[in-house]
Amino acid sequence: MSVAGLDAMAVEVTATFDNPIEAVWSVLSDVERMAGLGPEHYAARWDTPGPATGARFTGRNRIGDFEWEVPCLVTACRPPELIEWTVGTAPDHSSTWSYELRRAPGNRTVVVHRFAHGPGFSYVRQRVDADPRGAASIIERRSATLRSNMETTLAAVVPLLASAPGSAL
């Protein structure tokens, strides 16, 4: 697969919460609270006050014994509907992530969690460059892992919302 295929790598998952948008927003937009809810992202700290467009935070990730730290920049923040951030240093960030929230009937909230690869360095790009013939498989496996991790993360939000005001009983 070509680098263009890697640059088109994207994952999107959707979840519906039985909570009002403001309660869901308060959890999803707090990077320090979200850290540790998924299998890979285990720590984060705001480097500047957030959440707000232009805010910066540092994330720590781990797969097995391999750990890495990444600088992140909030590129869009529209409470309670959207938070988006890039990983790495612009303009060559490694990925863009976001949570888009929409009100749903019955005081519920639909969340679309997105990941888009590129345009800069990533460990996936490094693996694709080292094995161009295996690129499609590398990208497919990493996409599947990200999808599973994103679903796990959103599922882990449910208990945090259980005691939130307006939560379903």
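Bear in mind that the values in this text are calculations on the coordinates, not laboratory data. Just so it is clear, the structure is predicted and the values come from calculations on it, not from any experiment. All Cβ positions, glycine included, derive from the backbone under ideal geometry; neighbour counts span all protein chains shown.
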* Structure fact -> If the label point sits 7 Å along Cα→Cβ of residue 92, residues of region 117-157 with amide N under 16 Å come out as 118-127, 129
* Structure fact -> For region 3-161, the dipole about the Cα centre with charges only on Cβ (Lys and Arg +1, Asp and Glu -1), to the nearest 20 debye, works out at 160 debye
* **Tail beyond 24 Å, pair distance distribution of region 1-94 (Cα, percent)** => 27 percent
* Please report, largest first and rounded to whole Å, the three semi-axes of the ellipsoid equivalent to region 47-143, where each semi-axis is the square root of five times an eigenvalue of the C-alpha gyration tensor. => 28, 18, 12
* Asked: Cα extents of the chain along the three principal axes, largest first, in whole Å?
  -> 51, 31, 29
